Amino acid sequence: MEMSPKRLKWLLPLWLLLGWFSGVHLRSPSCHEVRTAFQLRQIGPLNFVPDFPGRDEELQICMHDGPTCCTKRMEEKYQVVVRREVLQSIHFLSYELKYRIEKNGEAFQEAFTSLIHIASNHTNSMFKTGYRTMAKEATEVVKGLFTDISLYVLDLSWSFEDIVLSFFDSLFPLVYNRLIHPGLNEVSLDYLECLRLARQDINPFGTYPMKMVAEVARPLQAMKTLLQVLNIGSEVINMTKNVVFTRECIRALVKMEYCSHCHGLTLIKPCVAYCLNVMRGCLANVADIDPHWRGYISNLDELTSIITGPRGVEQALLRVAPLVNEAILHAQLNGPEISTTVSKVCDQPQERVITTLLDSTVRTPATPSFKPQAVTQFANLTQRRRDFMNYIRRFRTFYASLAEQICEGELLPQDSSTCWSGENVVESYTNRVVGNGLKEQANNPEVKVRGPDSMVKKVIDKLLYVDKMLHGKGSKQSEQWPSREAGSGVGSDEDMESSGECDDEDGCTGSGSGEVGHKKKTHAPEDRWAKNNIFPAVAPTLKGAKVASTSSTSDTGSKPGAAPNHCSLSSVATVTILGLLCHWLL
């Protein structure tokens, strides 16, 4: 129906009036959205937020000339919540990293425990197969050895060399009474203790004790260090999850995240560049952890590759049984000379019961094969090591990129051409964006950064300690993690783990030299990492490498030494044949 001009004349003012009223209603000032956000984010009580914008002269952060929906009490709550939210972001970003480090630490330890069990069974099987007369008694000695190795890797025992020497001390009375002098039984405890103490001076096992140290110590030390390093990594992440924010940082965070709410703008996001300036200022000290964290990842790579490598923990533990066997064969070959020396040092046992001469001749035990079981066990760990390192390498820049990761979260403007600059809604942030780290913050337009943080310094000290554990002070790259041939090389006392400032009179002489009954050398429980590279480039001196000849007609004033080595050959089969000849000829 066509409207007449007269009717239009009356309807037009009515439409304008309705439009004005509706516009007033739609644009009426209200803090409803601010109250909703305040409640949803659990910032504080709703009565802290006014119903309508007003003026609050006490505002210190979100100061504004016009009406505002913020109050001083709201600012105080905002300061609490921004700290909580940033710490939650850091916790979220670091949670998986910490979880992976801890779980892989448990996996490495469980695999090591399994290998200890396998190697212990392997060693006991060697005794049952080749040395039946002493197998039952040797079980406790073997158990003690592998228990001590476990404690050593768990950092509850100080010296691997002491563990090995103590094992051979306990083994010698069994070897002497069951193989070298078969028929001895129910001898006095004093006699057994004399044999145990005399082992280091008589040196019945030749260089094999120190050969075991040289071959087995390095991968076990790597395993021990790895477990410590993984624990330190977990501690470092825990510390940085609780980073302390300065007053200036908190104020800058409130200005960035919540001052827009004071204008009723609860959905607008900070500009990305603006966020980077604020977060890089707040995390300036944390970013300085970056080079040390990168070094930590490299050290993990080194350690795990050694542990699962061709001369790793598996091979080291499986070498214990054959090395013990070779040591026993050496003692049997030199039995007559050892008996002569023992009779001088410990006299004759009080009781002797004649029994069969089983096992009195040299033999090569048929060691049972269980290699596939160990290989399968460690193959899984090798794959786990590969997966773990592939994962953790992605976190090499974790501390350098922490600010970017936080700003790439909820703070990014989504499908919007405008963003919050801290003061107004803008199309782009125009201030200069600073870099990462403390030195870059001198020109930060958003946050005033004062100086180093004590907590971050502790974190860096822990990571520096890891590097010092592995490489020591001033070690060259070419000398790190040197390969060590079994029993090869002779190192100076300064390079030996067992070195010390003492002489024979102090009772510090090594196995195979010195007076009978000298004191057993022990290591002081101080941190030895601070002195040298924990894996010295030179192999430790083989104690007793110089084998002294002792005959029944030697002077009473001469030192009792080990038997001559003219019957010792590299081939076990040849040793067996030659041993038989030596037995019949001597």
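The values are calculated or read from the model by the stated rules, or taken from the named source; none is laboratory data. No experiment lies behind these values; they were computed from the predicted model shown. Counting neighbours? That spans all protein chains shown, and the Cβs are built from the backbone with ideal geometry, glycine included. Side chains are part of the model used for accessible areas, which takes the heavy atoms of the whole protein and leaves out ligands, DNA and RNA. Shrake-Rupley method; radii C 1.70, N 1.55, O 1.52, S 1.80 Å.
Values as computed for the structure displayed
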{"quantity": "Count - residues of the stretch 63-106 that are outside any helix (DSSP H, G or I) and open to solvent by less than 70 Å² (accessible area, probe 1.4 Å)", "calculated": "5"}
{"quantity": "Scan of the stretch 304-362 for residues that are of a type in the set (Val, Ile, Thr), at pLDDT 85 or above and in contact with a helix residue (DSSP H, G or I) (Cβ under 7 Å, 6 or more places away or on another chain), ordered by number", "calculated": "Thr304, Ile306, Ile307, Thr308, Val313, Val320, Val324, Ile328, Ile338, Thr341, Val342"}
{"quantity": "Odd one out for Leu156, checked against (1) assigned to a helix (DSSP H, G or I); (2) under 30 Å from Ile297 (Cβ atoms); (3) open to solvent by 40 Å² or more (accessible area, probe 1.4 Å); (4) without any contact (Cβ under 8 Å) to a residue 60 or more places away in the chain", "calculated": "(1)"}
{"quantity": "Scope the stretch 279-302; condition open to solvent by 10 Å² or more (accessible area, probe 1.4 Å) and either under 11 Å from Ile460 (Cβ atoms) or within 18 Å of the chain's Cα centre (by Cα) (or both); matching residues", "calculated": "Asn285, Asp288, Asp290, Pro291, His292, Arg294, Gly295, Ser298, Asp301, Glu302"}
{"quantity": "Hey, Arg100 at pLDDT 90 or above and within 17 Å of the chain's Cα centre (by Cα) or not", "calculated": "yes"}
{"quantity": "Residues of the stretch 232-263 classified as within 21 Å of Leu93 (Cβ to Cβ) and in a helix (DSSP H, G or I), total", "calculated": "16"}
{"quantity": "Among residues of the stretch 188-217, those that are touching a residue at least 40 places away in the same chain (Cβ under 8 Å) and either under 28 Å from the mean Cα position of the chain (by Cα) or open to solvent by 10 Å² or more (accessible area, probe 1.4 Å) (or both), counted", "calculated": "15"}
{"quantity": "Any hit, the stretch 457-474, residues being surrounded by fewer than 12 Cβ atoms within 10 Å (Cβ to Cβ) and at positive phi", "calculated": "yes"}
{"quantity": "The stretch 424-434: number of residues that are open to solvent by 20 Å² or more (accessible area, probe 1.4 Å) and touching a residue at least 12 places away in the same chain (Cβ under 8 Å)", "calculated": "7"}
{"quantity": "Subset of the stretch 116-139 (residues that are surrounded by fewer than 22 Cβ atoms within 10 Å (Cβ to Cβ) and either under 15 Å from the mean Cα position of the chain (by Cα) or under 22 Å from Ala217 (Cα atoms) (or both))", "calculated": "Ile116, His117, Ile118, Ser120, Asn121, Asn124"}
